[in-house]
Amino acid sequence: MSDLILVVPVYNEASRLDPAPWLEFLAADRSRALIFVDDGSGDGTLAVLETIRAAAPAQTSILGLPENRGKAEAVRHGMLQALAATVRYAGFIDADLSAPLSEVSLLQVELDARPAASAAFGSRVKLLGRQIVRSERRHYLGRIFATCASFALSLPVYDTQCGLKLFRNTPDVRAAFATAFRSKWIFDVELLARLADSAGADVASRIREVPLQHWEERGSSRLRMRDFLLAPFELARIRRLYPYRRR
Ligand SMILES: Nc1nc2c(ncn2[C@@H]2O[C@H](COP(=O)(O)OP(=O)(O)OP(=O)(O)O)[C@@H](O)[C@H]2O)c(=O)[nH]1
Ligand SMILES: [Mg+2]
């Protein structure tokens, strides 16, 4: 039985996927497992994943999806597989390790300490003593987006888009991943809306944001200006779809 399963969506990541940190993470605790979700990478990603699985076969799964449907569906399928196991915590992390694997325990500590909490979201807050390294442009675009997301959801959330999130294996979490997300690149906002919807008045104790100690932007981002400009429309749609605030 695994205590913690991390889902890693991977798409054409051969150049930035190094087996070493993943294998260290698994070797440090045998109750941890990884599920890599690859939906049709055309580079050498699968070969790197096979290397990891060969070194830690009992703790590594590779879930291959037949066609490329984007990060949201990759994460969702991986999470459904993880949550179907008898696991205590399941979460997801970006393959570029912008949030290093050492940060996972910060989220785990939060869920350990708060039995009522079902989700811990990593949050990239530039505080003194933390290393949150990001270009100014990405930082300020991110702040504009986060402010709009907070307004759309009527929730005081600081960072919906961080690629590291951890969940307790509870019915509300399983329900939040049960059906495809309607929005593609801001599925994190929709996921938060679903969780908030089921939490109702308990939202503050169910969903916790945890400021990360380290986060570093890596490589070129696939986030395009077009997506950023379309974001307000997607946010408005999520607001309409999940009307928990008006209950
Ligand atoms: N399986 C799968 N994974 C994807 C897909 N698109 C992105 N990912 C993964 O999702 C994670 C985050 O990727 P992106 O959202 O493209 O982020 P990025 O290019 O690092 O850009 P930042 O937003 O700056 O972090 C990485 O692990 C990607 O490999 C996809 O279509 N399928
Ligand atoms: Mg990244």
Residue that is farther than 21 Å from Ala116 by Cα, within 16 Å of ligand 2 (Cβ to nearest atom), touching a helix residue (DSSP H, G or I) at 6+ places or on another chain (Cβ under 8 Å) and of a type in the set (A, V, I, L, M), where the choices are Ile186, Ile238: Ile186
Search the stretch 75-97 for residues being more than 14 Å from ligand 2 (Cβ to nearest atom) and among the aliphatic types (A, V, I, L, M), and hand back the single one that is surrounded by the fewest Cβ atoms within 10 Å (Cβ to Cβ). Ala84
Testing Asp159 on (1) surrounded by 21 or more Cβ atoms within 10 Å (Cβ to Cβ); (2) at pLDDT below 95, one condition comes back false. Which one is that? (2)
Against the definition (within 23 Å of Arg206 (Cβ to Cβ) and of a type outside the set (Lys, Arg)), how does Val109 come out, yes or no? yes
If I ask for residues that are within 12 Å of ligand 1 (Cβ to nearest atom) and free of Cβ contacts under 8 Å to residues at least 40 places away in the same chain, which ones from the stretch 67-91 would you list? Glu67, Arg69
Residue list for the stretch 46-82, filter: of a type in the set (D, E, K, R) and under 28 Å from Pro171 (Cβ atoms): Arg69, Lys71, Glu73, Arg76
Exactly one condition in (1) under 24 Å from Glu110 (Cα atoms); (2) within 13 Å of ligand 1 (Cβ to nearest atom); (3) of a type outside the set (Asp, Glu); (4) touching a helix residue (DSSP H, G or I) at 6+ places or on another chain (Cβ under 7 Å) is false for Leu63; which is it? (1)
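The values are calculated or read from the model by the stated rules, or taken from the named source; none is laboratory data. Since the model is a prediction, treat every value here as computed from it, not as a measurement. In this analysis, Cβ positions are derived from the backbone assuming ideal geometry, glycine residues included, and neighbour counts consider all displayed protein chains.
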